[in-house]
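Following: one structure in structure tokens, then a few remarks.
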Amino acid sequence: MTDTAQTERATGVSAASPLPIAAQLAEAPVGLLKFAKLAGRNMLEVIPIETTTQTYLKGPLNIHYICDPEIITELLVGAGRRFPKAQFTKDILGSAVGNSMMLSEGEKWKEQRRRYSPLFAARNLPMLCQHFAETGKEIAASLREGPGFVDVAQMAPAATLTNISRVIFSGNEEVSAEQIRVGLRNYFEYISNISLFDVMGLPSWIPRKKWFYSKAPVTDMRALARQVIESRRSESRPIPLDFLDLMIAALEEDFEDIETTVDNLLTFVVAGHETSANAMAWGAYLLALHPDQQAAIQKEISAVSPKEPITFEDLENMPLLRAHTKETLRLYPSAAFFARDAGEDITIKDIKFAKGDALFFPVYSLHRNRELWSDPDAYKPERFLDAPRPAASIFRLGTAHVSALARNTPKPK
């Protein structure tokens, strides 16, 4: 993201409303070597800025940038639904999440999806929200103790780590909460060290810089995950009390080997940490930028839930907060980019995709594309108030794979 807030005003936005900061997309063609170098640092820097004004763009070599909702639908849930996940994604994340649902393909992916999808059913959310509310109270108390400026980029990950510890690694008497948080921080630091060679798609036998680092953060985290899974299984809790209990309950009915279960447990940790932390930090930034909206949301929360803690049922009666959350995810999507490899030749809307082509879905551009949104760079949560709810929408296509908040969202305006 750029370092300073933009001062330009979007059409139709009052002069008192500054545009939120935006990513620095590529304004000139990016060659292969530069692509690999920039992608290893920040994937957004290789996305052509034209993807915010065009819904399809042919990139260098065999790369396609796709922001057309109809093409995306066909490639993800239509004729291209069996296309494999991008190889460079597997190279980057493989050491961290193994053959989990995030990276598996075909029948193995279907089995894991069938096994774990019920964990995220609405019936389980009230119980999980109780844990999240406790973290919220602790964070609020901590902020009250130290008035002044707050670095939300540090506060949000700390809150998310606490949530992960609470709903996955809690109840393990042999390991303290602080040991878990330290282990998670080391784990995230290790897997975030992306190799340039992985981005370039070079063979796996070519040495990576990461090879010279200790793999202890990953091996230690896997050992801890295995330990908490086996310990929790031995307890046989009759009623699930957290996310790990829900996982164990699912495995009682549908067997899975322990290493795959460890893979999936760490997948949920990886998928739920930085994504949630970023959404929280950007949401706080946007409220700081728009104090009137902040005051309105605060008033709404106080009216619906005057006493702590806020429950899951309370959230259903907070449309302003929900709209703010959705607009935050539109401007700063948790997964700003993902990719597939074309598994066969296919033509969609007269565009030919050859087997082996790299299909890039720049969610960030999709959410700011001027062909799809009005005032796309402006913060306008009212887009998501009192709007029709179609079966599929551009917003859902962009974020449904990373956030339940994307479900049943209104058609963008």
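The numbers here are math on the coordinates, done by the rules we state, and not lab data. Everything numeric in this text was worked out from a predicted model, so none of it was measured. Note that each Cβ is placed from the backbone with ideal geometry, even for glycine, and that neighbours are counted across all protein chains shown.
Out of the GluC sites (Glu not before Pro) in region 245-351, which ones are loop residues according to DSSP with at most 14 other C-beta atoms within 10 Å?
Working: sites: GLU252, GLU253, GLU256, GLU259, GLU274, GLU300, GLU313, GLU316, GLU327, GLU344; in loops: GLU256, GLU316, GLU344.
Loop-located and lightly packed - GLU316, GLU344.
With each pseudo-label sitting 7 Å past Cα toward Cβ, what's the LYS355-GLU105 distance in nm, one decimal?
A separation of 1.2 nm, rounded to one decimal place.
Where the convex hull is taken over the Cα atoms of region 233-272, what is its projected area averaged over directions, in nm²?
On the way: hull surface 12.0 nm².
So the Cα hull casts an average projection of 3.0 nm².
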